[in-house]
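There's a structure below that I have some questions on.
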Amino acid sequence: MRLLKILFFIISVIGAFVLNHDKLMAQVVQSPILPGLNKSDEHRQVVNVSEPPWQIIGRVQMSNGAKCTGFLISPRIVVTAAHCLWIKKTQRFFAPQSIHFLLGYQRQQYKVASSIQQVLPSEAYRQLMVNKQPDDIISDRIYLVLPKDILPASKLIPIAKELPQENTPVWLAGYEQDRIEVLYADKNCLIQQQVTYPNSLAKLFHTCQATYGSSGAPLFAKDSKGQWTIVGIQVAAYDNKAGGIAGSLMEGTR
């Protein structure tokens with residue numbers, strides 16, 4: 001009798017494990033695919049935050065726990081996506097004291113943690129949000145002024161002098177929702193299309209895999225001399241396939 005009880009207990013435990021495992025697997029299978037990704041052709045990789053061109057990138061953190069990617073365009077100025085810092089409820093951007101920038105963040109370590117001295121929002125973007133107009137990728141950027149320099153000017157990556165053409169190879173890296181503790185990059189992508197506007201800016205449609213959290217990340221391309229430049233800022237991901245849209249970032253049109 002005792003042996004039968006033991007066998008019954010073992011069978012019950014195994015049955016419960018199998019049932020829970022099946023439920024878990026069903027949840028995994030049914031979970032939605034994150035926008036901007038193609039899991040059947042995954043080629044993103046963790047990159048070294050100390051090496052070019054990644055050394056200008058950091059994580060932007062807000063007091064409510066929200067996180068995005070940002071990058072330095074001068075020793076003390078960070079640019080990121082405006083929608084990351086916009087608060088719908090109050091119709092305002094986060095105040096400087098509610099934002100921090102962690103340069104070179106990787107697995108709970110970082111090179112520099114900085115407070116924000118001043119937030120310089122895009123007035124065009126603010127007006128769109130207040131008037132409940134559709135998001136405008138071209139104006140979806142915001143500048144964060146730091147209290148002091150945190151990166152030597154010699155380590156900055158210059159902003160491009162001209163727009164990248166179709167099929168130009170580009171790289172993109174950010175702190176993405178599925179790998180939020182590391183800088184995750186796609187180094188195998190291209191510019192699909194550029195749509196230009198009268199103000200010399202453009203929407204850059206690209207094939208880089210990137211999802212939530214990558215907003216505000218720099219889009220890199222090499223110039224005619226083989227030097228890295230920043231050609232855009234990531235602001236949107238495709239709903240059901242790999243790739244997304246960046247707003248162009250060109251010298252003289254910040």
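Is there any pair linking a residue in the range 90-106 that is more than 13 Å from Gln61 (Cβ to Cβ) to one that is hydroxyl-bearing (Ser, Thr, Tyr), with Cβ under 7 Å and at least six apart or on different chains, and which?
Note: pairs meeting the criteria are Gly104/Ser50; Gly104/Tyr110.
Same structure again: Filter the range 114-134 for residues that are surrounded by 15 or more Cβ atoms within 10 Å (Cβ to Cβ) and out of contact with any helix residue (DSSP H, G or I) (no Cβ under 6 Å at 6 or more places or on another chain) and give the result.
Ser114, Pro121, Arg126, Leu128, Met129
Could you identify the single residue in Gly58, Gly65 that is free of Cβ contacts under 8 Å to residues at least 40 places away in the same chain and assigned by TED's automatic domain parsing to the domain that holds Ser115?
Values: Gly58 fails: free of Cβ contacts under 8 Å to residues at least 40 places away in the same chain.
On inspection, the qualifying residue turns out to be Gly65.
Same structure again: Can you confirm whether the range 121-138 contains a residue that is in a loop (DSSP other than H, G, I, E, B) and at pLDDT 95 or above?
The first filter runs over the range 121-138 and keeps only residues in a loop (DSSP other than H, G, I, E, B), leaving 122, 131-136.
Cutting the leftovers down to at pLDDT 95 or above gives us none.
So far as the range 121-138 goes, no, none of its residues is in a loop (DSSP other than H, G, I, E, B) and at pLDDT 95 or above.
Yes or no, residue by residue, for (1) under 21 Å from Leu249 (Cβ atoms); (2) not charged (D, E, K, R):
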| residue | (1), (2) |
| --- | --- |
| Ala66 | no, yes |
| Ile73 | yes, yes |
| Thr90 | no, yes |
| Phe94 | no, yes |
| His100 | no, yes |
| Lys111 | no, no |
| Gln118 | yes, yes |
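Among the strands (runs of 3 or more DSSP E) lying completely within the range 163-254, list those that include at least 2 residues that are under 18 Å from Ile73 (Cβ atoms) and touching a Cys at 6+ places or on another chain (Cβ under 9 Å).
169-174
Restricting to the range 87-112, give me the number of residues that are under 24 Å from Arg179 (Cβ atoms) and either small (Gly, Ala, Ser) or assigned by TED's automatic domain parsing to the domain that holds Glu176 (or both).
1
Would you point out the residue of the range 203-223, among those that are crowded, with 24+ Cβ neighbours inside 10 Å and among the aliphatic types (A, V, I, L, M), that is farthest from Leu102 (Cα to Cα)?
In this case the residue turns out to be Leu204.
Separate question: Can you tell me which residue within the range 230-241, out of those that are closer than 16 Å to Asp186 by Cα and over 14 Å from the mean Cα position of the chain (by Cα), is surrounded by the most Cβ atoms within 10 Å (Cβ to Cβ)?
Val231
The values are calculated or read from the model by the stated rules, or taken from the named source; none is laboratory data. Computed from a predicted structure; not experimentally measured. Backbone-built Cβ (ideal geometry, glycine too); neighbour counts: all protein chains shown.
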